[in-house]
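The values are calculated or read from the model by the stated rules, or taken from the named source; none is laboratory data. Since the model is a prediction, treat every value here as computed from it, not as a measurement. A quick note on method: Cβ atoms are made from the backbone with ideal geometry, for glycine too, and the neighbour counts reach across all protein chains shown. With ligands, DNA and RNA removed, areas are computed over all heavy atoms of the protein, side chains included. Shrake-Rupley method; radii C 1.70, N 1.55, O 1.52, S 1.80 Å.
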Amino acid sequence: MARIKGVDIPNDKHIEIALTYVYGIGRKRSNKILEAVKIDPTTKVKDLTNDELNLIRDEVSKYNVEGDLRREVNMNIKTKMEINSYQGTRHKKGLPVRGQSTRSNARTRKGKGKTIANKKK
């Protein structure tokens, strides 16, 4: 397995897809990286040479990915919570942040449903 930014990328996948295992790299950025280093996106990872992998690593290092990006996102969330913005208060309460309805769904953010006594009438 090849390692890029501390992430093992699978050998049996096309390099275009395998690069998306790195946090902060999607299909579009993956294609942009491969275009810059002139590697065919349909090449399997196991078929890449060490020189090609080093070129990809150098190109990926130009972008803000993995640990740095996670840290930046968490700092942005903490800042919103500190200044008591609307989104910050939603983060604190564990509710959906971007305006989704919470009456009948939002179980991913709210957790397992809590039963309320004497609800049936």
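How many of the residues in segment 62-77 are within 14 Å of residue 36 (Cβ to Cβ) and open to solvent by less than 70 Å² (accessible area, probe 1.4 Å)?
Matching residues across segment 62-77 total 1.
Failed condition for residue 51, given (1) within 19 Å of residue 7 (Cα to Cα); (2) under 20 Å from the mean Cα position of the chain (by Cα); (3) exposed (fewer than 14 other Cβ atoms within 10 Å of the Cβ), with all others met?
(2)
Quick grid of which residues meet (1) among the β-branched types (Val, Ile, Thr); (2) modelled with pLDDT under 95:
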site: 50; (1), (2): no, yes
site: 72; (1), (2): no, no
site: 80; (1), (2): no, no
site: 89; (1), (2): yes, no
site: 117; (1), (2): no, yes
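In segment 82-112, which residues are over 21 Å from the mean Cα position of the chain (by Cα) and open to solvent by less than 60 Å² (accessible area, probe 1.4 Å)?
Once the filter is applied, which keeps residues that are over 21 Å from the mean Cα position of the chain (by Cα) and open to solvent by less than 60 Å² (accessible area, probe 1.4 Å), segment 82-112 yields 85, 89, 102, 111.
Count, please, the residues in segment 68-104 that happen to be under 30 Å from residue 5 (Cβ atoms) and either in contact with a Pro (Cβ under 8 Å, 6 or more places away or on another chain) or in contact (Cβ under 8 Å) with a residue 24 or more places away in the chain (or both).
2
State whether one or more residues within segment 1-15 are open to solvent by 40 Å² or more (accessible area, probe 1.4 Å), modelled with pLDDT under 90 and touching an Asp or Glu at 6+ places or on another chain (Cβ under 7 Å).
Looking through segment 1-15, at least one residue is open to solvent by 40 Å² or more (accessible area, probe 1.4 Å), modelled with pLDDT under 90 and touching an Asp or Glu at 6+ places or on another chain (Cβ under 7 Å).
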